[in-house]
Structure formats: structure tokens, C-alpha cells
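Colleague: What follows is a single structure, and I will ask about it in a moment.
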Amino acid sequence: METTALKAAYLDYLRRHGHAPKTVFAFADAQGISEGEFYRSFASFAAIDRETWVDFGRDAREQAAQEPAWEGYSSRERLLAFYYTLLEILKNNRSFVLLTLGRSQKRQPAIVPKVLGQFEADFKFFIEELLHSGRTTGEVASRPFLQDGYGRIFMRQLQFILLYFVRDESVNFERTDAAVEKAVTLSFDLVGRNTFDSALDFGRFLLHKRA
């Protein structure tokens, strides 16, 4: 059985039953394969969960980048396009999202579970690309020492949006869409040139004048 088909069968089981199969043997047997054949593709059900989240992130980036206007987008616009594309994917897989994220929130609210490990690592690389591009165009301010912490702002933003989506009960998750726009606007206001940079420039001017 191909890995893709095995993953699809597992996700279908989750949606229909609301929980992972009791054992690998029982699931594999239902698919007409041996337990050993399952393990040649995945080490566990948790491994499929992690890989599925990675697929979500990569699919969102690829789909967003296919938009005709993508090359002309600013870093802020590219991040918005990614988030809105990701949300459409998550809406179509909400049962999976709630099963993998929702249960952890009952035990440890606001703590992002390990299932997002590689998904977040890929997102971090994506953000680094956006920030680099933003510094090139001037959209992102270059601030020695401070700019090293820019990435953490966006990682917290990602976690906020995912957990907001888990709790959102508005029609078509409109509140999550609004939260995305506000969160992205705030983050780029923080890393872009603002009053803080004007104050620094003025301070340098005064020090230079005294010297």
C-alpha cells in the first residue's frame, strides 16, 4: 500500500471515528496490509499527524505562491496570502485540527503541542525569507541586536492564530480571518520603520551635533 494512500486512510478513520485507531495492527488489518508494512511507511500514528501538519504548511505556501500577483507582493502581503490559504486548508480539515490541537488545549491552554514541531520549523524558514526580502526593500527596519528577535514575533503570531482558530465558533470562522489581518498588520508595524526609529535617528543627530 502506498504511503499516500495509507495516510489518507488514517485521516479518513480520524474523521469518521473522532479518535486514532486503537492499535496499528487493527488499522493495518482493516487496510489489508500487515503491521510490518505500516511501519515501513510510518513509525506511529503520531508520525502521520506530524507529517500531515507539514503537508498543510507546504501546500499553503505552494498554493499562495501560484497567485499571479505573488511576485509583486510585499512581505506583508505574502504572509497574509499564506495565512488565508492555510486557513482554507484548515477549514477543510477542521476535525483533524481539533483532534490534534484541541485536546492539548484542554490540558495545557496556550501551549502548542509537539505535533507542530516540523510545521513550525518550516514556517520559521519561510519567515526568515520574508524578513530578508523586507529588509532589502525597506519594508522591514534593520535594527542591530533587536532584529534578531523578529522571528520570535512571527512564531508567536502563528501560534496565536492556530489556537484562535481552534476556539473560533463564528460563521465560516470570520473572526479568525479578521484576527489574521490585525495580527499581521501589528507585526509589520513593529518590525517596520516607525516612531521608535525616528527617535533613534533624532538621538544620533543630537549626539553627532554635540560631537
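The values are calculated or read from the model by the stated rules, or taken from the named source; none is laboratory data. Quick caveat, the model's predicted, so the values are computed rather than measured. We place every Cβ from the backbone using ideal geometry, glycine too, and count neighbours over all the protein chains shown. Calculation scope for accessible area: heavy atoms of the full protein, side chains included, ligands and nucleic acids excluded. Shrake-Rupley method; radii C 1.70, N 1.55, O 1.52, S 1.80 Å.
Colleague: Say we look at region 106-119 and pick out the residues that are under 17 Å from residue 46 (Cα atoms) and at pLDDT below 95; which of these is least open to solvent (accessible area, probe 1.4 Å)? Break it down into steps so the answer makes sense when it comes.
Modeller: Going through region 106-119, the residues under 17 Å from residue 46 (Cα atoms) turn out to be 112-119.
Next, only the ones that are at pLDDT below 95 stay: 112-118.
On the way: 112: 34, 113: 28, 114: 182, 115: 22, 116: 2, 117: 42, 118: 95 Å².
Here the answer is 116.
Colleague: Need pairs with beta-carbon distance below 6 Å; first residue within 28 Å of residue 90 (Cβ to Cβ) and within region 15-32, second aliphatic (A, V, I, L, M) and at pLDDT 95 or above; sequence gap 6+ or separate chains.
Modeller: Final answer for the pair search is 31/9.
Colleague: For region 75-89, check the following and say yes or no: at least one residue is farther than 30 Å from residue 141 by Cβ and within 18 Å of the chain's Cα centre (by Cα). I'd like the intermediate steps shown before the answer.
Modeller: Looking only at region 75-89, we keep the residues that are farther than 30 Å from residue 141 by Cβ, and these are 88-89.
When the remaining residues are screened for being within 18 Å of the chain's Cα centre (by Cα), the result is 88-89.
Within region 75-89, one or more residues are farther than 30 Å from residue 141 by Cβ and within 18 Å of the chain's Cα centre (by Cα).
Colleague: From the list 123, 196, which one is in a helix (DSSP H, G or I), closer than 23 Å to residue 74 by Cβ and modelled with pLDDT of 80 or more? So that I can check it myself, show each step before the final result.
Modeller: Values: 196 fails: modelled with pLDDT of 80 or more.
Unique residue meeting the criteria: 123.
Colleague: Can you find a residue in region 133-154 that is outside any helix (DSSP H, G or I), open to solvent by less than 50 Å² (accessible area, probe 1.4 Å), of a type outside the set (Asp, Glu) and free of Cβ contacts under 8 Å to residues at least 40 places away in the same chain?
Modeller: No.
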